[in-house]
Amino acid sequence: MAVIDISNISIEFPTRRGVLTAVENLSLSIEAGEILGVVGESGAGKSLTGNAIVGLLEPPGHVTAGTILLNGRDITHLPESEMRKIRGAKIGVIFQDPLTSLDPLYTIGRQLTQTILTHKKMSHAEAKARAIELLNEVGIPAPEQRFDAFPHEFSGGMRQRVVIALALCCDPCLIIADEPTTALDVSVQAQIIDLLKNLSREKGVATMLVTHDMGVIAEAADRVAVIYSGRLAEIGDVRSVIDAPKHPYTRGLMDSIPQIGQNLKTLPNIIGAMPRLDARPEGCAFNPRCAKSKSICRQQTAPLIETGSDGQWAACWAYEGGNKYV
Amino acid sequence: MANFILYRLFQSAIVMLIVALISFFLFNFVGDPISNMVGQETTVKDMDELRQRLGLNDPVIVQFGRFIVDALQGDFGISYRLQRPVEELIAERMPATLELVFVSAIIAIGLGVAGGLFTGLKRSHWFSKFILTTSLVGISLPTFIIGILLIYIFAVKLNWLPSFGRGEVVDLKGGWSTGLLTVSGWKAIILPSITLALYQTTLILRIIRSELLEVMRTDFIKFARARGLKSRDINYGHALKNTLVPVITVTGLQIGSLIAFSIVTETVFQWPGMGALFIQAVQFADVPVMSAYLILVALFFVVINLIVDLLYFVVDPRLRAEIKN
Ligand SMILES: Nc1ncnc2c1ncn2[C@@H]1O[C@H](COP(=O)(O)OP(=O)(O)OP(=O)(O)O)[C@@H](O)[C@H]1O
Ligand SMILES: [Mg+2]
């Protein structure tokens, strides 16, 4: 059983000018010990998907269809009081900017023990011991001394380690890391990615790693999900997706990366831009930019279709004959 | 840290010196102090003698030095109007003003913080909208109109509360007369303190609300939620604490303004405080009283500012670090 199993979720924002469907019919799952890389242009819906899992969608956004299963338990519409107990305990979250993720007025030790004591029944001394152990685990030197330091006394990379320690407080089974290295130096990025990799290998944590950096994906992810305009374009084993992308969008994505490590916020090799949510074309959202679009592409969104035997799926009519995901 | 405090004390001393200089010039150059002091039958010779005796023929710098030394000893001269030492007059009136300001400050901080928290945390609640609308009234109506309105309703129409004075006062040791130990004293302070506090309540409420809305959007609040913290801990532990630095600044300054604004309130309610004394002094060009009042109010502001600065350190570790370097 997958740690997290999302099937066919849609996320909508009711607005004055009608309902915006930001994420539509999206499915993905992550096994224990596996890292799923999630890529896509800015505004594709990566963060929304992560937020939906932990129940942190900003109102009026909400999940309108589909289910989210955590270890088989349906958590799609849990009340806030229940969801709160899962956040930070079963699911750890890491955000993009370590400089602003920590409360500047509290020592990191206090923030750690606070999180631990919120979720676990233990004495303050035990919580402190646990916190120091965590700091040690994420590679903070001299954790006993650093326990009483304030966030501003740490470098960016060290702060992100503290953030990771906070996400790990209660041995989560799932970590959602939303661009955890974007704000960091390249050398520090590699360290953080190594840390996340070790966590999933050694502790069997399932990780959803959202990033713009294909280098990070190639380096860390086991599988990749490509999201385009709120819909899953392609998902599959990292090597197959990088070496043999099936969806024309993924292909464009890979072509526009001359070398690994380059950022993919803009895609010079694909003409045009991702449509705005309120101006999504009929059919496949990518069809106006696709060189091979057929008439059906302009009429109907393609289901996920299995493109080979190795668990690679693409939402593209070019593979019409294959197994369809339902 | 000690250096910083010394530095701030030094700054405060400079501010006080400048205020003293202004008071001094007010004293010496607004009208002729001698003709203000003496009656009409005094001869020119007597006046010259008095001038000599008071040292008014000495160089200005010497006079200023004497003024400072006297002021430091609490000697502000003789009131022209009442022919009594100014420090005596002020000492008599100070308790009334300080009690009024104290009660107003408690009201302003209490209601301001509570209202700010409520409207900041429950933005779309109908009661928040109600509070915000009514608080506009607090900002836009002048103090004296509110005072007169309250007098009209609660003193004239309903006859629940007195419209003027302090009620019965009790003399404590050290010459402090308090109205806070009698029922009539408490009744008397209700309307003036509400009048005085209204504007400051509104300001504190609005600053807390807007700071809170700002802080609630920050990443560390989002991350605190993602850590599964209880909303009580997030709201009061993380969000409120992060609004404190600006809130302390504003609150400190507002308490200073309470003392300054009390002039109007004291006049409306015939409250026998320093503000009323000052207004009378202005009417009679009673310069010694005016300059003493000026210095005293400046002193209050300086002390409050100093306390505000020290509170920053208690709240914000980044400032502590900055000062260390
Ligand atoms: N409160 C909201 N109201 C309306 N639309 C929203 C709201 N929040 C997000 N969206 C829309 O949802 C879409 C997806 O946003 P999301 O933050 O998930 O993008 P992303 O893939 O994480 O992008 P990035 O790489 O820039 O982080 C965006 O197009 C955004 O405009
Ligand atoms: Mg995002």
Condition (residue is within 16 Å of ligand 2 (Cβ to nearest atom), surrounded by fewer than 17 Cβ atoms within 10 Å (Cβ to Cβ), away from every other protein chain (no Cβ under 12 Å) and of a type in the set (Gly, Ala, Ser)) applied to the range A:60-78: is it met by at least one residue? no
Exception for A:Tyr228 within (1) touching a strand residue (DSSP E or B) at 6+ places or on another chain (Cβ under 8 Å); (2) modelled with pLDDT of 90 or more; (3) within 21 Å of A:Cys290 (Cβ to Cβ) falls at (1)
B:Leu56 vs. criteria hydrophobic (A, V, I, L, M, F, W, C) and not in a helix (DSSP H, G or I):
yes
Note on A:Ala273: of the conditions (1) part of a loop (DSSP other than H, G, I, E, B); (2) out of contact with any Pro (no Cβ under 9 Å at 6 or more places or on another chain); (3) away from ligand 1 (no atom under 16 Å from the Cβ), unmet is (3)
If we keep only residues of the range A:12-58 that are in a helix (DSSP H, G or I) and hydroxyl-bearing (Ser, Thr, Tyr), then the residue nearest to ligand 1 (Cβ to nearest atom) is A:Ser47
When every residue in the range A:162-187 that is more than 14 Å from ligand 1 (Cβ to nearest atom) and either farther than 17 Å from B:Ala226 by Cβ or not assigned by TED's automatic domain parsing to the domain that holds A:Ala142 (or both) is compared, the one surrounded by the most Cβ atoms within 10 Å (Cβ to Cβ) is A:Leu184
When the range A:131-141 is checked residue by residue, the ones that are in contact with a Lys or Arg (Cβ under 8 Å, 6 or more places away or on another chain) and closer than 17 Å to A:Gly88 by Cα are A:Leu135, A:Val138
Within the range A:188-202, restricting to residues that are without any contact (Cβ under 8 Å) to a residue 40 or more places away in the chain and among the charged types (D, E, K, R), the one that is surrounded by the fewest Cβ atoms within 10 Å (Cβ to Cβ) is A:Glu202
By residue number, the members of the range A:27-54 that are buried (at least 23 other Cβ atoms within 10 Å of the Cβ), more than 12 Å from ligand 2 (Cβ to nearest atom) and under 16 Å from A:Ile75 (Cβ atoms) are A:Ile30, A:Ala52, A:Ile53, A:Val54
Of the residues in the range A:87-105, those that are over 23 Å from the mean Cα position of the chain (by Cα) and more than 8 Å from chain B (Cβ to nearest Cβ) number 0
- Message: Among the residues of the range B:266-284, are any aliphatic (A, V, I, L, M) and within 14 Å of chain A (Cβ to nearest Cβ)?
- Response: no
Inside the range A:120-166, the number of residues satisfying the requirement of being assigned to a helix (DSSP H, G or I), under 23 Å from A:Pro180 (Cβ atoms) and of a type outside the set (S, T, N, Q) is 22
Given (1) part of a helix (DSSP H, G or I); (2) within 14 Å of another protein chain (Cβ to nearest Cβ), A:Ala177 misses just (1)
Exactly one of B:Phe25, B:Phe4 is within 30 Å of B:Ile307 (Cα to Cα) and exposed (fewer than 15 other Cβ atoms within 10 Å of the Cβ), and that residue is B:Phe25
Inside the range A:234-251, the number of residues satisfying the requirement of being touching a residue at least 24 places away in the same chain (Cβ under 8 Å), out of contact with any Gly (no Cβ under 8 Å at 6 or more places or on another chain) and not in a loop (DSSP other than H, G, I, E, B) is 7
A:Ile9 vs (1) of a type outside the set (Gly, Ala, Ser); (2) within 30 Å of A:Gln189 (Cα to Cα); (3) crowded, with 19+ Cβ neighbours inside 10 Å: all pass except (2)
Every listed condition ((1) within 16 Å of ligand 1 (Cβ to nearest atom); (2) in contact (Cβ under 8 Å) with a residue 60 or more places away in the chain) holds for A:Thr67 save (1)
Residues of the range A:274-317 being small (Gly, Ala, Ser) and in contact (Cβ under 8 Å) with a residue 40 or more places away in the chain, in sequence order, are A:Ala285, A:Ala291, A:Gly308, A:Gly311, A:Ala314, A:Ala315
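The values are calculated or read from the model by the stated rules, or taken from the named source; none is laboratory data. Remember, it's a predicted structure, so these values are computed and weren't measured experimentally. Virtual Cβ from ideal backbone geometry, glycine too; neighbours counted across all protein chains shown.
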